[in-house]
Amino acid sequence: MKKLTVMLCAFLMLGAMGFAQGTGEAGPAKSNLRVGMVTDSGTIDDKSFNQGTWEGIVRAAADYGLTTKYLKPSGTTEADYLKEIGNLVDAGYNMVICPGFKFETSLYEAQDKFPKVKFVILDGEPHTADYQTFRIEKNVVAVYWAEQESGFLAGLAASLQMKEAEFGFVGGMEIPAVQKFNWGFQQGIKYANANYGTKIVLKQENDLYQGSFDNISAGQQIAASMYDKGVNVIFAAAGGVGVGVINEAKNRVAAGKKVWVIGVDVDQYSEGVMPSGKSVILTSAMKYLDRASYDMITAELNGSFPGGQILRLNATNDGIGIPVENPNLSKEVVSEVADVYAKMKSGGISVAASADGLYK
């Protein structure tokens, strides 16, 4: 089935959301909508993908008075995910949000097995295990992000702030979403060096993938090795592995060293805060996960659930970015990045979603 691609512009801001955003109009009528979430590897407090998704659900529950629940599978197989999806449906949940590509084959089956349930999958779309058949039914919406664009902005911002330094990248699993963060990051560094005269170095040996999203200790060990080799800033696109990177950076700073971390998915500034009140998070490459889950819930309540569609979030529809405020970035850097972002929105700057000429 041919994939339907929809650019989520005004929809993200949801003209449909106007009723809940201070217009003075009444909110949606009481609904029997019950929203569930099955976590990917990790938990809802992973400081990253699961947490960002769940925060959007919690916010919608508070705004609309909804019943919500999440379940953590015992494993990460298709059967594990299907089991928890079924448990939510059996408990009366009629909308299920699934954060991550690992749900793709599970939802390929679930969309038929539970036709009256609305599904949202983030960073993936339903297909068979052999990737031969892609099919998205009217009760499913798939959401993707242009991670390369937020990685680019984070790389640019960090480069402009540091001016001269050595950078590293730690990815979780080597999957498209994480790879795109990496490739965009490298392009952001190159753009800064070429256009602003910065002197940022990223060596091949300091660009790697740990292989999971939940091994905190491995992330800390990798970060320790990189910092020992002279790396000043690590971009950690790695879920729980990234938590380990942040932990190591905090230990180093507590010992008087000056090292930094670039966060991912959500604004991770608060996760890097030290007893002094300062944070080791230089900036974060964000994809607005909470908005996606919140907006899809709002759309369902408003009768405009975009079932059967694939939504792509990028700079043109404000689906990605870096935090607007961060004490670790100067006003000048924030201003320069804002100018570049405007060029990205207008199409004046294009960030490749491939590894051509970059470390893979």
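Read the figures in this text as sums done on the coordinates, not as results from a lab. Small disclaimer: the values here were computed from a predicted structure and weren't measured. Here Cβ is always computed from backbone atoms with ideal geometry, including for glycine, and neighbour counts include all displayed protein chains.
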Next item on the list: Could you run the Karplus curve 6.51 cos²θ - 1.76 cosθ + 1.60 with θ = phi - 60° over region 119-128 and give me ³J(HN,Hα) per residue in whole Hz, x for Gly and Pro?
Entry: 10, 10, 10, 9, 6, x, 8, x, 7, 6
Note to self: Through the Karplus equation 6.51 cos²θ - 1.76 cosθ + 1.60, θ set to phi - 60°, convert the phi angles of region 55-63 into ³J(HN,Hα) values in whole Hz; use x for Gly and Pro.
What the structure shows: 4, x, 5, 4, 5, 5, 4, 5, 6
Item checked: Selection from G56, A352, V89, by position along the positive dipole direction of the chain (Cβ) -> A352
Next item on the list: Tell me, rounded to the nearest percent, the portion of alpha carbon pairs in region 35-120 spaced more than 20 Å apart.
Entry: 27 percent
Notebook entry, point to check: D for region 224-292, whole µm²/s, Stokes-Einstein with Kirkwood Rh over alpha-carbon pairs at 4 °C and 1.567 mPa s: what number?
Noted result: 107 µm²/s
Item checked: Amide proton proximity set for S284, modelled H, under 5 Å, gap of 5+ -> G263
Next item on the list: Please figure out what share of the DSSP beta bridges in the chain is antiparallel and state it in percent, rounded to the nearest 5.
Entry: 10 percent
Notebook entry, point to check: D46's amide H: which non-local residues (gap 5+, or another chain) put their own amide H closer than 5 Å, with H modeled 1.01 Å from N in plane and none for Pro or chain starts?
Noted result: Q51
Item checked: Sites A194 and K360, calculated FRET efficiency, Cβ-Cβ separation with R0 35 Å, nearest 0.05 -> 0.95
Next item on the list: Alpha carbons only, please: Rg and Dmax for region 141-195, in angstrom.
Entry: 12.0, 43
Check: Which length gain, in nm to one decimal place, applies between E205 and K331 when the Cα-Cα distance is subtracted from 0.36 nm times their residue separation?
Finding: 42.1 nm
Next item on the list: Return the lysines within reach of K163: Cα separation strictly under 21 angstrom, same-chain partners fewer than 8 residues apart disregarded; answer none if there are no such residues.
Entry: K190, K199, K203, K229, K257, K258, K278, K331
Notebook entry, point to check: Label-point separation (nm) for D318 and K345, each offset 7 Å from Cα along Cα-to-Cβ?
Noted result: 0.7 nm
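With each run of n ≥ 4 DSSP H residues scored as -39500 (n - 2.57), what mean residue ellipticity at 222 nm is computed for the chain after dividing by its residue count and rounding to the nearest 500 deg cm²/dmol? It would help to have the intermediate numbers written out before the result.
Numbers: 10 runs with 137 residues, N = 360.
Rounded to the nearest 500, the figure is -12000 deg cm²/dmol.
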Check: DSSP beta bridges in region 248-360, what fraction antiparallel, as a percent rounded to 5?
Finding: 40 percent
Next item on the list: Could you work out, for region 46-87, what percent of all Cα-Cα pairs fall into each 10 Å distance bin, beginning at 0 Å and stopping at the bin that holds the largest distance?
Entry: 26, 42, 29, 3
Checklist line | Overall dimensions of region 76-126 as given by Cα atoms, namely Rg and Dmax in Å | finding: 9.6, 26
Notebook entry, point to check: If you line up the long axis of helix 331-346 against the longest principal axis of the chain, both from Cα atoms, how many degrees apart are they, to the nearest 10?
Noted result: 50 degrees
Notebook entry, point to check: If the chain between K257 and T67 were fully stretched, how many nm would it gain, using 0.36 nm times the residue separation less the Cα-Cα distance?
Noted result: 63.8 nm
